[in-house]
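Report on the structure given below.
The values are calculated or read from the model by the stated rules, or taken from the named source; none is laboratory data. Bear in mind the structure is a predicted one, so any value in this text is a computation, not a measurement. Methodologically, a virtual Cβ is constructed for each residue, glycine included, from the backbone with ideal geometry; neighbour enumeration extends over all protein chains shown. Heavy atoms of the whole protein, side chains included, go into the accessibility calculation; ligands, DNA and RNA do not. Shrake-Rupley method; radii C 1.70, N 1.55, O 1.52, S 1.80 Å.
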Amino acid sequence: MVVDFFKNLVRYRVEGARAKAQAKVYGVKARAQSKAAAKFNQAIDAPLNKAKAKAQKAAGGAKQRAQDGKPRKRAAANKPATRAKQNKGGGDSMGWFSRKKDNGESSQAGAYQEVEMTPADKTVAIDVSSLVDDRSQDVVGWIVCLNGALRGRDFRLVTGRNVIGTAADCDVVLTDPYLSSKHMAIRHENGEFLLIDLDSTNGSFVNDRRISKTELIDNDKIRIGRTELKFKSLF
């Protein structure tokens, strides 16, 4: 029992370390994808920024030509208007497309920024197949509850030792208060099933006969505490 417990503990820790390593790998991939996306956005924005610069230059030239076609005013009269225009634009006005807003927002050219994301910021996919208990791969039989709160519930038996009781680390956990923490075990070896009572307080019964150790055959009826079980063999 103790050896099985420590085996399970070591297996869970190894699986946890494996999952952490996989998470780190996915994090590195996510950062690489983020950098590639940022470079792609910059490549897409380059023609747009170039077109805006041309439009800004064309608008400035048209405005200048319009001003050249009008009668020029005296420099003294035009100077206060120039100062007022500069004050209205906050001192940074250089055209319709490049003027920054008064609230400090930047132009569209700075909208795309590379943000490095950590594994905690992204959804990480973990291969759950590595976390599946190997016990599900070698089922050799079942025990089925015939009464109580777990009536109709079936529990799988595997090759080797299957401990049954109320303790959380048992292979089959039952909720009967009349059971011991580790009440009995069913062992499968060389195609045979053997039921062993683990010095339980209220004993183990097979076909209404109290036993300490006996061979099980298909359809045997087991009673431990106030729980009745039916044994089914796959082979």
Label point 7 Å out from Thr201 along Cα-to-Cβ: which residues of region 169-195 have amide N under 13 Å? 176-183
How much length would be gained if the chain were fully extended between Glu15 and Thr159, taking 0.36 nm per residue of separation minus their Cα-Cα distance, in nm to one decimal? 49.6 nm
Per-residue accessible area for Ser181 at 1.4 Å probe radius, Å² rounded to 10? 70 Å²
Kindly report the accessible area of region 129-235 per residue (heavy atoms of protein chains, probe 1.4 Å, no ligands, DNA or RNA), in Å². 55 Å²
Evaluate the distance, in nm, between pseudo-label points positioned 7 Å from the Cα of Glu215 and of Ala36 along their respective Cα→Cβ axes. 6.3 nm
Could you order the peptides 183-189, 147-153 from most to least packed, using the average number of other C-beta atoms within 10 Å per residue? 183-189, 147-153
At R0 = 25 Å, how high is the FRET efficiency between Asp138 and Lys230 if r is their beta carbon distance? Nearest 0.05 is fine. 0.75
Between the modelled labels at Glu192 and Lys57 (7 Å from Cα along Cα→Cβ) the distance in nm is 9.6 nm
